[in-house]
Amino acid sequence: MTRILAYLLFFAMAVSSCQFIEEFTQNKTDRIDFNSVDEYPQFPSCDSLATPDFQKKCFEETLSKFIQGELDVNELTSPIPMSTAIIIHVKIDKDGKASLVKLENFNKIKEYLPELEDVINQSLANLPQLEPAKKHNLKVTSTYMIPIYIVD
């Protein structure tokens, strides 16, 4: 009889603890903001101990300068004068590898600068190793929009 009571008590504890764990994890994930990161991706030249705002600014400026530098080296020329901006959507995966997601406003200039997408892809492939973004101290994949201004 005591053995049956022990089994029933164990079963009741197991069921209630499962419900407690489920409620706890449900409440915990309800509070996680999946649209932001705790730490932005880091270039070796950026200060990893800086504030999140400074980390973000350093990351975006360094990435933008790197891409712009690659575009300058390739000396892309257009048959017509242009002054426009494109938005580069860049994904940094949890291993720190950068890749192009899409180019926004690119269709307007694609026929005049068809090699632009290849140059951007190549510049992202040539980036130095990044420390990926972190959320709750876990490495995560994140996406960023970087404006590039094209002026002739």
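Those residues that are modelled with pLDDT of 60 or more and surrounded by 10 or more Cβ atoms within 10 Å (Cβ to Cβ), I need them from the stretch 21-45; list them, please.
Once the filter is applied, which keeps residues that are modelled with pLDDT of 60 or more and surrounded by 10 or more Cβ atoms within 10 Å (Cβ to Cβ), the stretch 21-45 yields Ser36, Val37, Asp38, Glu39, Tyr40, Pro41, Gln42, Phe43, Pro44.
Collect the residues in the stretch 104-131 that are more than 19 Å from Thr62 (Cα to Cα) and either in a strand (DSSP E or B) or without any contact (Cβ under 8 Å) to a residue 40 or more places away in the chain (or both), keeping them in residue-number order.
Residues satisfying the conditions are Glu104, Asn105, Phe106, Asn107, Lys108, Lys110, Glu111, Tyr112, Leu113, Pro114, Glu117, Asp118.
When you check Ser48 against the structure, is it surrounded by fewer than 13 Cβ atoms within 10 Å (Cβ to Cβ) and outside any strand (DSSP E or B), yes or no?
The answer is yes for Ser48.
Looking only at the stretch 58-102, how many residues end up being closer than 17 Å to Leu127 by Cα and without any contact (Cβ under 8 Å) to a residue 60 or more places away in the chain?
Residues flagged as closer than 17 Å to Leu127 by Cα and without any contact (Cβ under 8 Å) to a residue 60 or more places away in the chain within the stretch 58-102 amount to 22.
The values are calculated or read from the model by the stated rules, or taken from the named source; none is laboratory data. Everything quoted here is computed from the prediction, not taken from an experiment. Backbone-built Cβ (ideal geometry, glycine too); neighbour counts: all protein chains shown.
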